[in-house]
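Working notes, structure below.
Derivation of every value follows stated rules applied to the coordinates shown; laboratory data play no part. Quick caveat: nothing in here was measured; it's all calculated off a predicted structure. Neighbour counts are summed over all protein chains in view; Cβ atoms, including those assigned to glycine, are modelled from backbone coordinates with ideal geometry.
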Ligand code: PBG
């Protein structure tokens, strides 16, 4: 046997493998999601080993450490006290609320830190839904969009660089864009959770924020995991409504969707390696069933290879340390 084509020649040394490497993961591709709360203790999250609900001081230390290893952007997720949750989630636009206060504190310390915020009602909703629930138990689209617009404005006024609506209501990107522009926030970007699936992989996140739906599920607004064409429809709408960046979520189980969105848009594509993906990897690695540094890197490279420009990942600090 004398094959003229021997692909192994291009794998014969680290240098030659380096010539051939098609995908690269750098610090600039990472966004670090962080959970925050009002308390003075840093609370470990049982289903997300290594992640915490940070106190204001704990958060500063964590951001300092992440910033030090080159993580330039973070996204904030607030755990809101039960007593502040209401059916319309009014706390979501309180100018003295946990998120705006945290943004101001971080910006005063690190003006160059890029701060993203999640726009949705679930952390603030006594129903645990991303929108306002009608007496009949349906999620009210247009009423919700009005409240989300206030939330996005609240984050922009506090200094957020990018607002990221994760609620999957129809028409929210154009409504938020119009509201931001009318207040002079032309430079605040919108990262739309374009294809956000009704996924089982958000379980640990909902533990972290105690934000699980109190009844029913999110299937009337989040997408059916069986669908990919529908993601392209959401993409067209988000582009037309003025999204600056688009996101697919979760990431690992939806690499085909990332690829299809990548091919269909010129906008930057984000992917969110969600809490359940993190928990699966951490769980197996803690038991010694997987080699953590290799498995985590492979999971992130795969998301990049599928076409994501940027990845939201709870591994951001850890990976940046190892790069
Ligand atoms: C809320 C939101 C969720 C996540 C990000 N924003 C949960 C949900 O939709 O129920 C999940 C992130 C993760 O699991 O890491 N709108």
C-alpha long axis of helix 229-241 to longest principal axis of the chain, angle in °: 60 degrees
Inter-part distance where the stretch 57-94 and the stretch 111-144 are each reduced to a Cα centre, Å: 15 Å
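Sort the stretch 101-256 into rounded, prolate or oblate with this rule: let a ≥ b ≥ c be the square roots of the eigenvalues of the Cα gyration tensor; rounded if a/c is under 1.5, and if a/c is not under 1.5, prolate when a/b is larger than b/c, oblate otherwise.
Values: a/c = 1.44, a/b = 1.32, b/c = 1.09.
Verdict is rounded for the stretch 101-256.
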Residue 9 paired with residue 146, simple spin-label distance in nm, labels 7 Å along Cα-to-beta-carbon: 7.0 nm
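Please rank 321, 286, 62, fewest neighbouring Cβ atoms within 10 Å first, as an exposure proxy.
Numbers: 321 15, 286 12, 62 19.
Lowest count first: 286, 321, 62.
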Cα centroid separation - the stretch 156-213 against the stretch 230-307, whole Å: 17 Å
Potential extension, residue 64-residue 318 segment - 0.36 nm per residue separation minus Cα distance: 90.1 nm
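By the gyration tensor of its Cα atoms, with a ≥ b ≥ c the square roots of the eigenvalues, what is the shape of the stretch 26-322: rounded for a/c under 1.5, prolate for a/b over b/c, or oblate?
Values: a/c = 1.28, a/b = 1.12, b/c = 1.14.
Judged from the Cα gyration tensor, the stretch 26-322 comes out rounded (a/c under 1.5).
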Cα long-axis angle, helix 172-182 against the chain (0 to 90 degrees, to the nearest 10): 70 degrees
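Using Cβ contacts closer than 10 Å as the measure, can you line up 110, 54 from fewest to most?
On the way: 110 16, 54 23.
Neighbour counts put them in this order, fewest first: 110, 54.
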Residue order, fewest to most beta carbons within 10 Å, for 217, 309: 217, 309
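Quick one: if the Förster radius is 51 Å, what FRET efficiency do residue 183 and residue 227 give, using the C-beta to C-beta distance and rounding to 0.05?
Values: r = 36 Å, r/R0 = 0.70.
It comes to 0.90.
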Efficiency of FRET from Cβ geometry, residue 22 and residue 83, R₀ 35 Å, rounded to 0.05: 0.10
Angle in degrees between helix 255-264 and the longest Cα principal axis of the chain, rounded to the nearest 10: 80 degrees
Global form of the stretch 177-323, assessed from the alpha-carbon gyration tensor, a/c cut-off 1.5: prolate
Estimated [θ] at 222 nm from DSSP helical runs (n ≥ 4, -39500 (n - 2.57)) normalised by residues in the chain, nearest 500: -12000 deg cm²/dmol
